[in-house]
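Peer 1: If you scroll down you'll find the structure; I have some questions about it.
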Amino acid sequence: MNHWYKTPNHLLSGYIRTVLVLEGCAQPDPDNLPLFTNGMPALFCKTEKENSGNEMIIQLSLFGRSVPEEHWNVTADMTIIAYFFKPFALATTFNIPANKLNKEPIDLSSWSPHKINALKTQLIHASSTSRKVEVLDNLLMHQLTQNKKECEIIQNITDQIIYNPGTEILAEVLEKFKLNERKFQRIFKKYVGVTPNQYRRICQFHISFAQLRAKDFEKLSDVAYDNGFADQSHFIRSFKEFTQITPNDYLKAGLKDKEV
């Protein structure tokens, strides 16, 4: 089996992390399998060449979390092409709610029969793996063109919240993108799966927790104020909500030299 990672088309690079290709030219070698990236949403395409030389589409699906290990099995005549998406990009690209993608894989034939019938015809007649990648690239570029505005909004807003998860960021992004609050709440919840404020609070917690673990503070209040919490008490309540323990309890595990 041959496998390699391919750099995404530059027109897709804002949304696709990488493309993994597997060709089953021989029996799989357990010691030569690629490292599959768990937790990354993906477009997964598996084809097989029949004895007659005709190509069959075995699977063409979207996975909101990870592609299960059993889907990666290939025989000598199979090819797998997997596009790994950046966070939230899969939902916006295909205009599918994030919670639906996270529940179960979505067969693209049920998503848009007309589009996928045309896509399957092109894949079946593709003369090489490179040509199959081009066909899938064209589908993704078409989808991004159709959903460009919402794709860009979600990408930019999530990036900005990660960079600055303080309470003021939501008002700032509303002003920047000229969105009314109702529309903002609707599209964010649809494509990210949580409300903007829930996402902001998750980012705020993770950044503060990383600072705590890295011992990058002199006293606990520094962590609170560095990460946009109103005060130390607010930080403690948030920490306990996400971890079921207080920062002091966590610090007792090995950070006793810091002032708390």
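Bear in mind these aren't lab numbers, they're just calculated from the coordinates by the rules spelled out. As the structure is a prediction and not an experimental result, all values here were calculated from the model. Neighbour counts run over all protein chains shown; Cβ positions are idealised from the backbone, glycine included.
Peer 1: If the cut-off is 20 Å between C-alpha atoms, which lysines fall inside it for Lys103, apart from same-chain ones fewer than 8 positions away?
Peer 2: Leaving aside lysines fewer than 8 places away in the same chain, those within reach of Lys103 are Lys86, Lys189, Lys190.
Peer 1: Using the Karplus curve 6.51 cos²θ - 1.76 cosθ + 1.60 with θ = phi - 60°, work out ³J(HN,Hα) for each residue of segment 124-139 in order, rounded to whole Hz, and write x for Gly and Pro.
Peer 2: 4, 9, 5, 7, 7, 5, 4, 5, 4, 4, 4, 4, 5, 4, 4, 4
Peer 1: Hey, what angle do you get for helix 232-243 against the long axis of the chain, alpha-carbon based, 0 to 90 degrees rounded to 10?
Peer 2: Around 40 degrees separate the two axes.
Peer 1: Let me ask something else. Translational D (Stokes-Einstein, µm²/s) of segment 44-116 at 20 °C and 1.002 mPa s when Rh comes from the Kirkwood sum over C-alpha pairs?
Peer 2: Answer, rounded: 160 µm²/s.
Peer 1: Give the angle, between 0 and 90 degrees and rounded to the nearest 10, that separates the Cα long axis of helix 148-163 from the longest principal axis of the Cα atoms of the chain.
Peer 2: That works out to roughly 40 degrees.
Peer 1: Taking the Cβ-Cβ separation of Glu172 and Met56 as r and a Förster radius of 41 Å, what is the calculated FRET efficiency to the nearest 0.05? Present the calculation step by step, with values, prior to reporting the outcome.
Peer 2: On the way: r = 51 Å, r/R0 = 1.24.
For R0 = 41 Å, the calculated efficiency reads 0.20.
Peer 1: Using only Cα atoms, find the angle between the long axis of helix 181-192 and the longest principal axis of the chain, and express it within 0 to 90 degrees, rounded to the nearest 10.
Peer 2: Approximately 60 degrees, to the nearest ten.
Peer 1: If you don't mind, there's one more thing I want to ask. Could you put His71, His234, His10 in order, starting from the residue whose Cβ has the fewest other Cβ atoms within 10 Å? Show your work: numbers first, answer last.
Peer 2: Values: His71 19, His234 13, His10 7.
So the residues, fewest neighbours to most, are His10, His234, His71.
Peer 1: Label Lys149 and Ala210 with points 7 Å out from Cα along Cα→Cβ: what is the distance between them in nm?
Peer 2: In this crude spin-label approximation the distance works out to 3.3 nm.
Peer 1: Express the relative contact order of the chain as a whole percentage, based on alpha carbon pairs under 8 Å and six or more residues apart in sequence.
Peer 2: 15 percent
Peer 1: Between Ser221 and Asn95, how many nm apart are label points set 7 Å from Cα along the C-beta direction?
Peer 2: Here the answer is 5.3 nm between the modelled labels.
Peer 1: How big is the Cα convex hull of the chain in projection, averaged over all directions, in nm²? Don't jump to the answer; show the numbers that get you there.
Peer 2: Values: hull surface 67.6 nm².
Average of the hull's projected areas for the chain equals 16.9 nm².
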